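Working notes, structure below.
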Amino acid sequence: MVGTFLLLLLNFISRVAVARRLSVGDFGDFNLGLSFAGLLSLIALLGLHQAVARSLAENPDPAVRRRLIEWTAGVTAAAAVVTSLTVFLLASSIARVFDPSSPAVLTTVFQMFSVTIGLTLLCTFIASIFQGFEDTFPYAIINQGVQPAAFLIFVLILFYFNLALTAALISWVASNVVTFIALLLYAWRRLEHHLPPALPARYLPSGLFALSLSLWGVTTLVYVTGYADTLILGGFRPESDVGIYSALLTLARLILVAAGSVTYIFMPVTARLSGVRDYAGIRSAYVTAGRWVLIFTVPMFLVFGILSHDSIVVVFGANYASGSQALLVVSACALVSVAFGPVNATLAGMAMTRPLLFATAVSAISNIALSFALIPTYGLMGAAIAWSVARVAYPAAGALALHRTHQIGPLHRSFLLPLVLSLAIGTPLFVGISLIRHPVWLVFPLYFVGLGIFVAMILATRSVEEGDLMVVRIAERVTGRSLPGFARFLNRFRTHDVPPPLASE
C-alpha cells in the first residue's frame, strides 16, 4: 500500500506535468505510444511472469525454483530483444494505422517506446520472481516508486530546455533504464536470500506451460480491457480526443490503484493458502482486503465522479473540461468493479484458470465490440462506456465462479454495510456541494471528508474485524511502537460475524 500511494503521487504529478506542458494532441500521441507498448509487453511475456510467481509460491523445492527462474529468464530476455527490434523496424507502418496523413510524429513515438517494451518485459519478470516469494519491494518500491520518480525528475529537467514531446519520450525511456538497473541490483543482492544454494533441477514444475498459456491469455485480455478503447479512439478520432480521454482515465484509474496493490500480493498468498486447503482463511482475507481497498477508493469516487468537472479542471486545466461527463461514467464503474473484491487474483492463486480466462474474454470482447460500435458516433463518451462495461464485466464474471465453488466473495455484512451507508451519506453531500459556488481546489480536502465518512461507517456499524486488528499489530512491528490504546478502541467496534466454513471442509 505504501508503494501504491508512492506510485499514485509520483505518477499523478508526472502525468499532470506532461499534460500541462504538452498540447492536448501531443499528450494524446504520448498515451497512444504508452498504450501500444504496454499491450505488446504483455503479449510478449507469454504469461510467464504470473506463472512464475504462482509456481514459486506453491513449490518450495530450491532446485526446482532455480531451474524455473533460469529457464524463464532466458525466454523472457529473448522475447524482449525480438519484440523491441520488431516494433522499432515497423514503427512507420504502425504509425500510419493511427495517422495515415502525417505519421512522422507517431513514428518517432513508437520508435522510442519500442525500447521500453523490452525493458518492461524484463522489469515485470524480475518483480514477478520476488512476488512468488511474497517480497513486494521490487514491485511496490522500484517499479511503482523509482520508475515514476525518475520519469518526473527527467521530465522537469528536460522541459527546461523546451523539448516538449521529445522531452517526455526521452524521460520515459530513461526512467525505464533506471528502473531496470535498480531491479538488477536488487536481484543480485537479495535473490540468494530467498533461494538457498542448490543445483538446478532437471525438470520444470508440472503444468507450467498450460498455466503460462492460460495466464498469457488472461493478462493480454486484461490489458485489452483497459486500453483497447484508447487505441480504437486513436484510430477514429484526432489525437486531441485521445489526450482528453487519457487525462480522465488517469483520474479514474486512481480508483483502481489500491485494488492493484492488494491484487499483486493476494495472488501468491492465495496460492499458499490454497495449497493447504485453507479456504476459510482465503474467505476471511478476501473480505478484509477488499474493504481496506474501499476505504481509499470510495472517497475518490465521491470526488472524481460527483465533482468530475472540478477534478479534471483543477488537475489538467480548462482544455480538458469536455471530458467531465465521461469521467463521471468511468469513475462510477471503476468503483463498482473494485467493490467485487480481489476476484481475479484469487482465481489465479487457486489456479482456476478456466473461469479466469472466461471472465477476461467476456471483458475484452465487450470492450472491443462496444468501442467499434460507439466511438465513431459518440467519441469520448463511447470510449468511456466501452471501458466501463468491460471493467465491471471483468470481476463480475469471475465472482460467480468463486462464490459457486468456494463461497468466496464480498457478500458479507462488514463489507457491504459500510459501503452502502457511505454512499448513501456521501453522495447527496457531494451533490449538494457541486450545486453551490465553491473554489475548484476544494476537491483536495474533500477527499479526506469522504475518507472520514467511510471510516465512521465502519465504526458505526461495528464492522471492525480481526484482520483490521492485525493491521494494527503490523503497524506496531514496523514502527517499533506499541499501540494498545488504539487496538482497544478498535476492539470496541469489532464484529463477530465471520464467514462460515463450507460443509465439505
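What follows draws every value from the coordinates through simple rules; no lab data is involved. Just so it is clear, the model here is predicted, and its values are computed rather than measured. As a convention, Cβ positions derive from the backbone with ideal geometry for all residues, glycine included, and neighbour counts pool all protein chains shown.
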- Of the DSSP H helices in the chain, the ones reaching 27 Å or more along their long axis in Cα terms and averaging at least 1.0 in Kyte-Doolittle hydropathy are 2-21, 24-45, 104-132, 208-236, 254-275, 353-378, 413-434
- How many nm is it between the label spots at residue 477 and residue 184, if each spot is 7 Å from the Cα in line with the beta carbon? 3.4
- Task: Would you calculate a helix-derived [θ] at 222 nm for the chain, using -39,500 (n - 2.57) for each DSSP H run of n ≥ 4 and dividing by the full residue count, to the nearest 500?
- Result: -27000 deg cm²/dmol
- Note on the structure: Extension length gain for residue 162 and residue 137 (0.36 nm per residue less Cα distance), in nm, is 5.5 nm
- Task: Find the centroid of the Cα atoms in segment 137-163 and in segment 235-304, then give the distance between the two in whole Å.
- Result: 23
- Item | Counted charge near residue 168, where neighbours are those whose Cβ lies closer than 9 Å (Asp, Glu -1; Lys, Arg +1) | 0
- Query: Say each of residue 372 and residue 88 gets a label point 7 Å from the Cα, pointing the same way as Cα to Cβ; how far apart are those two points in nm?
  - Reply: 3.4
- Query: Which residues in segment 290-307 place their backbone N less than 20 Å from a point set 7 Å from the Cα of residue 493 along the Cα-to-Cβ direction?
  - Reply: 290-302
- Note on the structure: Fewest-first ordering of 405, 107, 270, 479 by Cβ atoms within 10 Å yields 479, 405, 107, 270
- Message: Between (1) 68, 65, 45; (2) 72, 51, 42; (3) 89, 48, 42, which entry matches Cα extents along the principal axes in Å as derived from the coordinates of this structure?
- Response: (1)
- Distance between modelled label sites at residue 486 and residue 71, nm, 7 Å Cα→Cβ extension: 4.6
